[in-house]
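Colleague: Can you read through this structure? Questions will come right after.
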Amino acid sequence: MGGAIRSVQALHDDQGPWRVGVDVGGRERQFVLRSLTPRIDAALIATGAAALEVAEVYGVRAPRLVAKDLDRCVTLETVASGNTNWPRTLPVARLRAAGAALARVHAIRLEPSPHLPSRTRPIAVDDFARDRRLGNLPTTPLLRQADELIQSLPQPQGETVFVHGDVWPGNLTSTCTLIDWKTAGVGNPGVDLGELRKQIAITYGATPQHIVDAWESASGRPATDIPYWDAVAALNTPTTLYNPEATARRDAFLRAALSQL
Ligand SMILES: Nc1ncnc2c1ncn2[C@@H]1O[C@H](COP(=O)(O)OP(=O)(O)OP(=O)(O)O)[C@@H](O)[C@H]1O
Ligand SMILES: [Mg+2]
């Protein structure tokens, strides 16, 4: 777009993405720039861009892609409306809005493609269950038992839809705009529903039905295999989370899922 960069602010510690102020026709406009960082590779940049293109075609609430240069691994997107601050007490209306927003994403039937591949778990760049299986991470009886059960079950079938792949409160703004699409792809809606349910369970210590209820109302169909996807999401976490309460909440969420499988 050719404008001079007036300001740069790192959005992940001292790394990208970066919020940049760009001079456009004498006025400073804000954008989010993504490029390679120690934790972000070319494939993640390409996936994020491809996902924003799909989101725009289907009118999904997401940043709009302004420019991309995949040879140089750089993209520019609009600043999403709203903020990613979540209240301390369980925000029921926001959970319902999140469920409805996910239903709009999952209404998009999509076949896998190079930058939007098939996803069988959230945050596909991580595979903590495999790391435990290989002995690269310590495990616990609960995590081992859950992993063995999930491994023994057939993968739920069904049509493949567009999935975000990393639906946690930090990627879902107060206006229900989904940001950070770098692990998007296609898969079962449960990939996103399980992840958000797990994140809410860890954050608030409760697993409310509102997300799935709102998703089902908006979709006009039942959400299937929720305990399976809850367990898959719970298994794709480090053995020990950032504090003992979070680990205990993850374990309680996983136990509840196992009891329904
Ligand atoms: N398009 C956008 N509009 C507004 N804010 C954004 C946008 N993209 C990113 N951000 C802000 O920058 C933060 C970090 O960006 P993003 O989530 O994409 O990358 P990340 O560093 O991988 O985050 P994390 O791993 O913590 O989810 C977001 O939590 C959000 O506050
Ligand atoms: Mg993020």
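The values are calculated or read from the model by the stated rules, or taken from the named source; none is laboratory data. On a predicted model such as this, the values are computed, not experimentally measured, just so you know. Positions of Cβ are generated from backbone atoms using ideal geometry, with glycine treated the same way; all protein chains shown enter the neighbour counts. Please note that ligands, DNA and RNA were not included when accessible areas were found on the heavy atoms of the full protein model with its side chains. Shrake-Rupley method; radii C 1.70, N 1.55, O 1.52, S 1.80 Å.
Colleague: Could you tell me whether region 127-141 includes any residue that is farther than 30 Å from Thr89 by Cα and in a strand (DSSP E or B)?
Modeller: No: zero hits.
Colleague: While we're looking at this one, here's another question. Sort out which residues of region 149-180 are part of a loop (DSSP other than H, G, I, E, B), within 10 Å of ligand 1 (Cβ to nearest atom) and open to solvent by 10 Å² or more (accessible area, probe 1.4 Å), and write them in order of number.
Modeller: Asp166, Trp168, Ile179, Asp180
Colleague: A further question follows. I'd like to verify a number: residues in region 143-166 that are modelled with pLDDT of 95 or more and farther than 17 Å from Gly194 by Cβ, how many?
Modeller: So the count comes out to 4.
Colleague: Can you tell me which residues in region 1-41 are more than 8 Å from ligand 1 (Cβ to nearest atom) and of a type in the set (S, T, N, Q)?
Modeller: Correct list: Ser7, Gln9, Gln30, Ser35, Thr37.
Colleague: Among the listed residues Ala146, Ala124, Ala201, identify the single one that is in contact with a Lys or Arg (Cβ under 8 Å, 6 or more places away or on another chain) and away from ligand 1 (no atom under 13 Å from the Cβ).
Modeller: The match here is Ala201.
Colleague: So which residues in region 202-239 are touching a residue at least 60 places away in the same chain (Cβ under 8 Å) and outside any helix (DSSP H, G or I), if there are any at all?
Modeller: Ala206, Pro208, Thr224, Asp225, Asn236, Thr237, Pro238, Thr239
Colleague: Separate question: Do you know which residues across region 120-146 are over 24 Å from Leu172 (Cβ atoms) and buried (at least 19 other Cβ atoms within 10 Å of the Cβ)?
Modeller: The answer is Ala129, Arg132, Leu143, Ala146.
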